[in-house]
1. Given the rule -39500 (n - 2.57) for each run of at least 4 DSSP H residues, summed and divided by the residues of the chain, what is its mean residue ellipticity at 222 nm, to the nearest 500 deg cm²/dmol?
2. With everything on Cα atoms, drop me the angle between helix 255-272 and the longest principal axis of the chain, reported from 0 to 90° to the nearest 10.
3. Apply the a/c threshold of 1.5 to the C-alpha gyration tensor of the range 214-291 and tell me whether it is rounded, prolate or oblate.
4. Relative to the longest principal axis of the C-alpha atoms of the chain, give the angle of the C-alpha long axis of helix 567-585, reported between 0 and 90° and rounded to the nearest 10°.
5. Order Phe126, Phe532, most accessible first, counting only protein heavy atoms with a 1.4 angstrom probe.
6. As a test of the definition: which semi-axes, in Å, follow for the range 144-222 when you take the square root of five times each eigenvalue of its alpha carbon gyration tensor? Largest first, please.
7. In whole Å, what is the distance between the alpha-carbon centres of the range 310-377 and the range 45-98?
8. Among the lysines, select those whose C-alpha is under 27 Å from the C-alpha of Lys105, and discard any that sit fewer than 8 residues away in the same chain.
Amino acid sequence: MSMGDEPLYPIAVLIDELKNDDIQLRLNSIRRLSTIARALGEERTRKELIPFLSENNDDDDEVLLAMAEELGVFITYVGGVEYASVLLPPLETLCTVEETCVREKAVESLCRIGSQMKESDLVDFFVPLVKRLAGGEWFTARVSACGLFHIAYPSAPEAVKAELRSVYSQLCQDDMPMVRRSAATNLGKFAATMEASHLKTDIMQIFEDLTQDDQDSVRLLAVEGCAALGKLLQPQDTVAHILPVIVNFSQDKSWRVRYMVANQLYELCEAVGAEPTKSELVPAYVRLLRDNEAEVRIAAAGKVTKFSRILNSELAIQHILPCVKELSSDSSQHVRSALASVIMGMAPVLGKEATIEQLLPIFLSLLKDEFPDVRLNIISKLDQVNQVIGIDLLSQSLLPAIVELAEDRHWRVRLAIIEYIPLLASQLGVGFFDEKLGALCMKWLQDKVYSIRDAAANNLKRLAEEFGPDWAMQHIVPQVLDMVNNPHYLHRMTVLRAISLLAPVMGSEITCSKLLPVVVNVAKDRVPNIKFNVAKVLQSLIPIVDHTVVESTIRPCLVELSEDPDVDVRYFANQALQAIGNSMTN
């Protein structure tokens, strides 16, 4: 091949590969479009590559998706913004294919290109494209068109703007539910680009039609539009037009629409403002909390705290609290779990007195729930209640339940309790902790689940940091060291883990006098797993203890282990000896 023919080579390869039966080759060539475009240069990319891609009718969705994605970032390869319009034809074709993800990616790329195009080009090329898609024979084209109006509208002349509003209105009344769904989804974006005068007339009429659609899949998307439109309208218009729709939707015959309202209610409250929320939306929310569908109650229960914050404590106690009591004994475990994950946040809203009288009994009933997820969600948020009612009351009422959960049959619940212990310890203080929870912390070291034993060892380290080395020396270290003779080798391994974690907190003196002799003694264990863990622990102690101790105690022990019959013991002993050598050179 001569030098002059070389620029032809990439396009020839691309065309060959795009026609290849092997999908992977076709995909690779599409993903290399930018490289090929650079090789061809801007003019040949516009005149040869883009037309070729427009005619390419590949039937594999993966290839089409890759093409839609590549073309979205292709402006620089065709010569910049003034030539951006050449990218529209292939993307227009992709907007009409059957596969949803290809169409969505093509629309996304068109929006990206349209947002960079010059105003004159938008009017000459982009607006006609939107109108062609909106009038397309296949519903796929009309679905795609809905996502492009917000790019085309701002630059269009007044007459064209009126036409675009009219076309969008027709799409909202399309025979195909998929088109109406797309129109409902994109209504907020389109409305955001529109003049205020048309918002109240055209858009509100379109919105009203969507809210009365016979398909629940369209109505539930209109719920999202409520929040978006509410933020664009004046407060009085929001109350007049949006509020009645929300109230009606909260009683919709389809549970999916009611679920959507329950999920979006906090955003809807922000859109209509505080006063209308108290008068109109509280009854709607109470209805949702008592809905006969569990999915709706789950969504509503998850918003209890957020909704209570909008109200004052009086209204929350009067309207929301009775529903919370009902939900705490709901027949669905998922409803109770959703409630448990947020109910603690109500304590600051209700204040100390109402929390003690009304919320504490609910916490206790959820702490004793038969499902572990419900109990977990309560445990993990206890600190929010402590801030409101104080530690004395918390310990009297909730601590017995916590102690009970510490021995729960579900290991994840026990794990959550362990992780919460250091926080609880700092709140309860050292005296109370020793009396009530100290024994539990030791018991966990011998749990039958590894994750619990490991968490228990970490817990001891955090407690030693919280209460100091002197306290740990008195209450933790002796009991940990007593367990080193446990007949079960896994428990002896947990002791080694605890020693390696406690040593940095306890400091050099206690480590040398109390911890190190025990580790050296355990090196004579008959189980290889114990011995190589001894080597690991000794390696971790090297930076903590004095150099003379390393030479007199640690090195001889490691030398002995390095001659062990077991290959793993020898490996870890040699690693530790190497670490001693490195520390000496440093």
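1. Values: 37 runs with 379 residues, N = 586.
About -19000 deg cm²/dmol.
2. 90
3. Values: a/c = 2.03, a/b = 1.27, b/c = 1.60.
Judged from the Cα gyration tensor, the range 214-291 comes out oblate (a/c at least 1.5, b/c at or above a/b).
4. 90
5. Numbers: Phe126 0, Phe532 35 Å².
Accessible-area ranking of Phe126, Phe532, largest first: Phe532, Phe126.
6. Working: eigenvalues 85, 31, 21 Å².
Square roots of five times the eigenvalues give 21, 13, 10 Å.
7. Each part reduced to its Cα centre gives a spacing of 55 Å.
8. The qualifying lysines are Lys19, Lys47, Lys118, Lys131, Lys161, Lys189.
The values are calculated or read from the model by the stated rules, or taken from the named source; none is laboratory data. Here the structure is a predicted model, which is why all the values come from computation and not from measurement. These area figures cover heavy atoms from the full protein model, side chains too; ligands, DNA and RNA do not enter into them. Shrake-Rupley method; radii C 1.70, N 1.55, O 1.52, S 1.80 Å.
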